[in-house]
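The structure under discussion appears below in the form of structure tokens.
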Amino acid sequence: MRFGWLDERLPLPDARRTLRGWRRTRPFWAGLFLLLGGVELLVVPLSPLTILVSLGLGGIAAIGIGLALAVAGLFLWFLPHTRHYVSINALILSVLSFAATNLGGFLIGMALGITGSAMGFAWTPHEEAGPRVAGVRTQRTLAAALPVALLVTLGGRPAEQPSEPRGITAPAVPPTVTTTRFSPHGFLLAGVTTVPTARGPRKAMVLRMTSASLTDYRLHTRDGHDELALGARSLDLKGRVTLYLTKFSGCLEGLLCVTFDPDTLPVPPVVPPFVFMTDVTAEQALVTSDSITANGLTLGAS
């Protein structure tokens with residue numbers, strides 16, 4: 001053994017021998033790379049660096065993808081027979097982190113995730129290495145080609161660009177909307193567009209979903225004339241719901257409070273990993289939906 005003298009001098013020889021035997025029966029290094037990539041994606045939005053890097057939806061997606069990559073690494077360690085399925089999904093998440101997070105954790109987390117995914121897919125148990133040399137080589141070649149193929153596929157697909165609303169002019173000053181709970185379904189962040197207003201075009205976020213429910217809904221106009229107040233105990237929007245917002249803030253799951261606007265929003269479409277938001281305040285330029293149902297509707301003026 002090349003480093004036998006070092007092995008004799010290190011402490012805990014039995015524990016290290018047991019760990020070495022355990023490590024050789026699973027894609028250990030692949031799982032370690034995925035764990036490191038997930039931790040790196042988590043550290044960026046949760047560190048003081050968020051003073052310089054806006055949390056926004058990119059930070060939220062980084063938390064979700066980082067946790068998923070860390071769990072994938074644990075799967076490779078403790079359930080190595082799931083390596084192919086886990087590695088492919090981890091690879092997809094790693095590549096998507098470039099668009100959905102802060103450049104994939106400044107490329108470091110993405111690179112670690114891609115490396116770990118390829119290594120996990122290519123790993124084979126020791127007993128399969130002898131009689132299946134050709135199959136092992138094919139599998140490792142496929143593992144090396146997977147990241148390249150995925151990057152080419154994603155890079156060749158142009159992102160859907162949200163279109164401007166046609167035939168509708170928004171008020172010069174968007175009304176303020178508040179709700180104690182906002183529950184979107186089939187939520188998709190479509191991007192940023194310009195909305196025609198009474199004072200010219202204005203940049204707005206476009207949030208698309210299949211349906212949404214709002215509790216304790218309140219809308220207040222702010223156009224400088226007689227202000228109107230619209231309220232409802234609950235408001236249900238169904239079918240091709242599109243919100244055009246110039247500002248949006250709230251608390252994810254009632255825990256993490258964030259603020260979004262068209263300038264800090266990530267341009268590529270992403271699916272944020274949250275179910276509902278509380279204490280929501282938004283500047284709503286426009287809203288379109290196939291149907292809107294209000295319960296306990298009230299209307300006031302001042």
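The values are calculated or read from the model by the stated rules, or taken from the named source; none is laboratory data. Please read all numbers here as calculations on a predicted model, not as lab measurements. Here the Cβ positions follow ideal geometry from the backbone for every residue, glycine too, while neighbour counts run over all protein chains shown.
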- Answer yes or no: is there a residue in the stretch 258-274 that is over 19 Å from Arg181 (Cα atoms), outside the structural domain of Ile63 (by TED's automatic domain parsing) and either assigned to a strand (DSSP E or B) or modelled with pLDDT of 90 or more (or both). yes
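On the given criteria, is Ala72 modelled with pLDDT of 90 or more, in a helix (DSSP H, G or I) and surrounded by 16 or more Cβ atoms within 10 Å (Cβ to Cβ)? Break it down stepwise before answering.
Numbers: modelled with pLDDT of 90 or more: yes; in a helix (DSSP H, G or I): yes; surrounded by 16 or more Cβ atoms within 10 Å (Cβ to Cβ): yes.
When the stated conditions are applied, Ala72 passes them.
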- Task: Identify the residue in the stretch 283-302 that is under 17 Å from Val173 (Cβ atoms) and of a type in the set (S, T, N, Q) and, among all such residues, is modelled with the highest pLDDT.
- Result: Gln284
- Note on the structure: (1) touching a Pro at 6+ places or on another chain (Cβ under 7 Å); (2) modelled with pLDDT of 85 or more all hold for Glu160 apart from (2)
- Task: Check Leu57, Leu19 and return the single one that is assigned to a helix (DSSP H, G or I) and at pLDDT 80 or above.
- Result: Leu19
- Item | Residue among Gly200, Gly239 that is surrounded by fewer than 18 Cβ atoms within 10 Å (Cβ to Cβ), on the phi > 0 side of the Ramachandran plot, touching an Asp or Glu at 6+ places or on another chain (Cβ under 7 Å) and at pLDDT 80 or above | Gly239
